[in-house]
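Below is one structure; the comments refer to it alone.
The values are calculated or read from the model by the stated rules, or taken from the named source; none is laboratory data. From a predicted model like this one, the values you see are computed outputs, not experimental measurements. Methodologically, a virtual Cβ is constructed for each residue, glycine included, from the backbone with ideal geometry; neighbour enumeration extends over all protein chains shown.
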């Protein structure tokens, strides 16, 4: 099984937490456009560690949950 991309993982975790993209943006201080780009897989770069930490806190999970996105050398950005 292929590891999920950061976009897939973020989108799934946000949905599981019951937040809209706007609510996640408000909760984390991350611009809505940034969240949209990452969830759409349109960012050309991987997120910074600080961004991962903020988004993980926003959806209520430890940041290590996102590590599966890079375990196989995968980069969705």
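Structure above, values below:
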| read-out | value |
| --- | --- |
| Flag for residue 61 being surrounded by 13 or more Cβ atoms within 10 Å (Cβ to Cβ), in contact with a helix residue (DSSP H, G or I) (Cβ under 9 Å, 6 or more places away or on another chain) and modelled with pLDDT of 95 or more | yes |
| Out of 66, 38, sole residue that is touching a residue at least 60 places away in the same chain (Cβ under 8 Å) and surrounded by 18 or more Cβ atoms within 10 Å (Cβ to Cβ) | 66 |
| Unique residue being surrounded by 16 or more Cβ atoms within 10 Å (Cβ to Cβ) and either modelled with pLDDT under 95 or out of contact with any strand residue (DSSP E or B) (no Cβ under 6 Å at 6 or more places or on another chain) (or both) when the list is 19, 32 | 19 |
